[in-house]
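Remarks on the structure that follows.
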Amino acid sequence: MTLDAVVKTSGKTGLHVFVPIERTVNFDEARADLRRWWAAHLMREHPKDITMEWSVEKRTGKIFIDYNMNVRGKTLNSAYSPRGVPGAPVSMPLT
């Protein structure tokens, strides 16, 4: 199975990964099952590089997968828009 992901910078230190899926499950099922499975799968495949650990001290030097960001009503910085922080960094799509 392959998934065609679209990646963009967050405009700060992170990346946003968008993975289009067919609507065979509802939002709550996708949020509860698919996102956690995907994050755990990546962590198993790359245990030295990826973590789901919330503690900053425990995740230093690793890529933090924050699968909890997928919630209804959560705002998302759109591509090419500046962040409301000093220096106004901009969220950008990546290839």
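The values are calculated or read from the model by the stated rules, or taken from the named source; none is laboratory data. Bear in mind that the values here come from a model prediction, so they are computed numbers and not experimental data. Every residue, glycine as well, gets a Cβ built from its backbone with ideal geometry; the counts of neighbours run over all protein chains shown.
For the reader, a short list of remarks on this structure follows.
- The residues on offer are 8, 48, 74, 62, and the sole one that is without any contact (Cβ under 8 Å) to a residue 40 or more places away in the chain, in contact with a strand residue (DSSP E or B) (Cβ under 7 Å, 6 or more places away or on another chain) and either farther than 25 Å from residue 90 by Cα or not aliphatic (A, V, I, L, M) (or both) is 62.
- Whichever residue in the stretch 1-15 is assigned to a loop (DSSP other than H, G, I, E, B) and of a type in the set (S, T, N, Q) and, among such residues, is nearest to the chain's Cα centre (by Cα): 10
- Among the residues of the stretch 66-83, some residue qualifies, meaning at least one is outside any loop (DSSP other than H, G, I, E, B) and of a type in the set (A, V, I, L, M, F, W, C).
- Complete set of residues in the stretch 11-29 that are farther than 20 Å from residue 62 by Cα and touching a residue at least 40 places away in the same chain (Cβ under 8 Å): 27
- Scope the stretch 39-51; condition of a type outside the set (A, V, I, L, M, F, W, C) and farther than 30 Å from residue 87 by Cα; matching residues: 41, 44, 45, 46, 47, 48
- Residues of the stretch 1-38 satisfying the condition of being surrounded by 13 or more Cβ atoms within 10 Å (Cβ to Cβ), more than 30 Å from residue 87 (Cβ to Cβ) and either in contact with an Asp or Glu (Cβ under 9 Å, 6 or more places away or on another chain) or of a type in the set (Asp, Glu) (or both): 25
- Positions within the stretch 56-65 being assigned to a loop (DSSP other than H, G, I, E, B) and exposed (fewer than 13 other Cβ atoms within 10 Å of the Cβ), in sequence order: 60, 61
- Meets criteria (of a type in the set (S, T, N, Q) and at pLDDT below 80) for residue 26: no
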